[in-house]
Amino acid sequence: MKLAEALQERSDLNRSIEQLKQRLCVNAIVQEKEKPAEDPKRLIKALEEDISRLEELIRRINRTNCETVCGGRTLTEMIAERDCLKIKISAYKELAHAASMTGQRARSTEIRLISTVDVAELQTKIDALSKELRLLDNEIQSANWTTELV
């Protein structure tokens with residue numbers, strides 16, 4: 001199994017677990033002398049099976065990410081870099097948005113708001129970081145489709 005396939009299965013299992021949790025809650029209580037729409041025991045069994053499979057996949061994915069080296073870095077290091085790039089881009093986008101909100105004055109006597117940062121320069125930085133993120137993500141995705149799960 002390729003790493004990318006394992007990641008897709010992990011995503012499917014996470015979705016299934018959430019659905020099973022919701023279905024369990026819906027069928028946890030019924031009126032006296034009524035039966036639940038689904039058997040909670042069967043749902044619990046399915047939930048436990050999915051969680052066991054998820055745990056196995058997470059272990060194997062993490063081990064594979066630690067052992068797979070691309071361009072001198074492990075996939076784990078690349079993923080950490082990607083996650084931090086996303087945080088940085090988000091923070092800079094919020095800053096650029098806030099700095100752009102200088103507003104309009106109705107009268108010339110009202111207090112004038114000015115930006116404390118260069119929004120154009122910040123946007124250039126956001127664009128460069130976004131490109132870096134895309135390229136890094138492409139590298140990770142490529143590795144995911146060529147790497148066998150350990």
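Between residue 150 and residues 5 or more places away or on another chain, which pairs have amide H atoms under 5 Å apart, with H built 1.01 Å from N, and which residues are they?
64
Got the relative contact order for segment 1-67 handy, in percent, Cα pairs under 8 Å and 6 or more residues apart? Provide the component values of the computation, followed by the final result.
Working: 35 pairs, mean separation 28.8, N = 67.
Relative contact order of segment 1-67: 43 percent.
Whats the longest run of the chain with zero GluC sites (Glu not before Pro) that are DSSP loop and have at most 14 other Cβ atoms within 10 Å? Display every interim value, and only then the final one.
Numbers: sites that count: 32, 34, 38, 110.
Free of exposed loop sites, the longest segment is 39-109.
Would you mind checking the tilt of helix 3-26 against the longest principal axis of the Cα atoms of the chain, expressed as 0 to 90 degrees and rounded to 10?
Computed tilt is about 70 degrees.
Enumerate by residue number the trypsin sites (Lys or Arg not before Pro) in segment 1-92 meeting two conditions: DSSP loop (anything except H, G, I, E, B), and at most 13 other Cβ atoms within 10 Å of the site's Cβ. Spell out each step's value before the answer.
Details: sites: 2, 10, 15, 21, 23, 33, 41, 42, 45, 53, 59, 60, 63, 73, 82, 86, 88; in loops: 33.
Of the trypsin sites (Lys or Arg not before Pro), the ones in loops of segment 1-92 whose Cβ has at most 13 other Cβ atoms within 10 Å are 33.
Per residue of segment 119-130, what does 6.51 cos²θ - 1.76 cosθ + 1.60 with θ = phi - 60° give for ³J(HN,Hα)? Whole Hz please, x for Gly and Pro, Karplus curve as stated.
Result, ordered by residue: 5, 4, 5, 5, 5, 4, 5, 4, 4, 5, 5, 5 Hz.
Could you give me the ³J(HN,Hα) list for segment 34-49, computed from phi with Karplus coefficients 6.51, -1.76, 1.60 and θ = phi - 60°, whole Hz, x at Gly and Pro?
10, 10, x, 5, 9, 6, x, 4, 5, 5, 5, 4, 5, 4, 5, 5
Could you tell me how far the Cα centroid of segment 5-34 sits from the Cα centroid of segment 110-150, in Å?
That distance is 36 Å.
Report relative contact order for the chain in percent, whole number only (criteria: Cα-Cα under 8 Å, sequence separation at least 6).
Working: 109 pairs, mean separation 52.6, N = 150.
It comes to 35 percent, rounded to a whole number.
No value in this document is a laboratory result; all are computed from the given coordinates. In this text the structure is predicted, and so the values were computed from the model without any measurement. Please note: Cβ atoms are built from the backbone with ideal geometry, for glycine as well, and neighbour counts cover all protein chains shown.
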